[in-house]
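Below you'll find the structure, written out as structure tokens, and then a few comments.
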């Protein structure tokens, strides 16, 4: 079988699936604009596309995003024509529709079956939009119009796709019928053998600080520190937590860019805005126990999760982060926001503790209560790891399901 993957930043969500299909003997190619190296293994041939132009200056703001997708789609289309001229005819095309690249590939290969990665379909109500009243849209009445245009790429892909793959039930549920019934739910997968509890884990920091499992470590992770992932709520809980826990160290992982939502005012980062807000409420000694680690290599990130006594995960109703499932796999005791799709994996007092996203005091109280409850932490961490192994293990659950989905498309 010949399989073409399409992802602007390949491999993205296909980092395990593409090599696994190649290992099965499939001829696998990947159409991308930017890529990162895959782990060593069977070759996946990389094919780069390059847009010929940028967005039009002054284009209507509602249309800007769709125009950029059409520009990328045209570039991918040209690259696909070259592949066809070389004799490549995929049986299956697996694409992430978020950047538009696959819009015209069915016109290049009409007989190919197409599967799309259904990460999220935008809604005007019931999801991330309008969830946080602290950060309202600059044009609330026009938001429904903007989102309708934002979904055009998804709508066009669904018109010719033979099926979809979504990582969680809730994310799948955001897509409209009748396509929803053609979406198979299978998570990207977590390597629960590699990410496991380690009582000997330790990390060393500049200045001589060395933390082990004997230390009281609280962890918080965002790809980028921003409101979508609750950075503002967590930061506001820190003064109370550190006053009540004089031995605790807080390890915060994340960049200072913007992954989701709006950027802050010019010249500032969300991190700096929230640091400026909470720093005056804390003593120098307490603030010295807050450590911003930036972006970590994955092996150090795993060690950080293994060190964690309490891991905090907050999110708007949006895409579920890999980091939450990795923390569960590491056996961390988790305090998380009572939001979708977190509820699919965290059941209160079973696989973690849930708190109202906006309740800063409740978050601080729950973290401190867990730090005082050794038996409770151990139980929550063990149950969380068990769930991660049973439902989200890469090799035994998720990867076989993804491979079967690709075969089913054919």
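With respect to residue 346, determine if the residue is at pLDDT 95 or above, over 16 Å from the mean Cα position of the chain (by Cα), in a strand (DSSP E or B) and under 23 Å from residue 233 (Cα atoms). When the stated conditions are applied, residue 346 does not pass them.
All of 90, 199 fail the test of being part of a loop (DSSP other than H, G, I, E, B), modelled with pLDDT of 95 or more, within 30 Å of residue 333 (Cα to Cα) and over 22 Å from the mean Cα position of the chain (by Cα), apart from 199.
Kindly indicate whether residue 175 is crowded, with 19+ Cβ neighbours inside 10 Å and at negative phi. Considered against the rule, which asks whether it is crowded, with 19+ Cβ neighbours inside 10 Å and at negative phi, residue 175 comes out as yes.
Yes or no, residue by residue, for (1) surrounded by fewer than 16 Cβ atoms within 10 Å (Cβ to Cβ); (2) at pLDDT 95 or above; (3) not assigned by TED's automatic domain parsing to the domain that holds residue 321:
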site	(1), (2), (3)
45	yes, no, yes
58	yes, no, yes
69	no, yes, yes
81	yes, yes, yes
84	yes, yes, yes
102	no, yes, yes
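Within the range 271-294, which residues are surrounded by 13 or more Cβ atoms within 10 Å (Cβ to Cβ), touching a strand residue (DSSP E or B) at 6+ places or on another chain (Cβ under 8 Å) and either farther than 21 Å from residue 243 by Cβ or modelled with pLDDT under 95 (or both)? Within the range 271-294, 271, 293 qualify. Flag not set for residue 63, criterion: surrounded by 14 or more Cβ atoms within 10 Å (Cβ to Cβ), in a helix (DSSP H, G or I) and at pLDDT 95 or above. Looking across the range 115-144 at every residue that is touching a helix residue (DSSP H, G or I) at 6+ places or on another chain (Cβ under 6 Å) and not in a loop (DSSP other than H, G, I, E, B), the one that is surrounded by the most Cβ atoms within 10 Å (Cβ to Cβ) is identified as 116.
The set of residues in the range 84-106 being without any contact (Cβ under 8 Å) to a residue 60 or more places away in the chain and either touching a strand residue (DSSP E or B) at 6+ places or on another chain (Cβ under 7 Å) or under 18 Å from residue 52 (Cβ atoms) (or both) consists of 100, 103, 104, 106. Taking the range 237-342 and the strands (runs of 3 or more DSSP E) fully enclosed by it, the elements with 1 or more residues that are assigned by TED's automatic domain parsing to the domain that holds residue 388 and free of Cβ contacts under 8 Å to residues at least 40 places away in the same chain are at 333-337. Residues in the range 217-236 that are within 17 Å of the chain's Cα centre (by Cα), closer than 20 Å to residue 361 by Cβ and part of a strand (DSSP E or B): 220 alone. Among the residues making up the range 210-236, those that are touching a residue at least 60 places away in the same chain (Cβ under 8 Å), under 18 Å from residue 301 (Cβ atoms) and surrounded by fewer than 18 Cβ atoms within 10 Å (Cβ to Cβ) are 212, 213, 215.
Evaluate the following for residue 25: is it on the phi > 0 side of the Ramachandran plot and more than 26 Å from the chain's Cα centre (by Cα)? Answer is yes for this residue.
The values are calculated or read from the model by the stated rules, or taken from the named source; none is laboratory data. Just so you know, these numbers come straight off a predicted model, no measurement behind them. Every residue, glycine among them, receives a Cβ derived from its backbone with ideal geometry; neighbour counts consider all protein chains shown.
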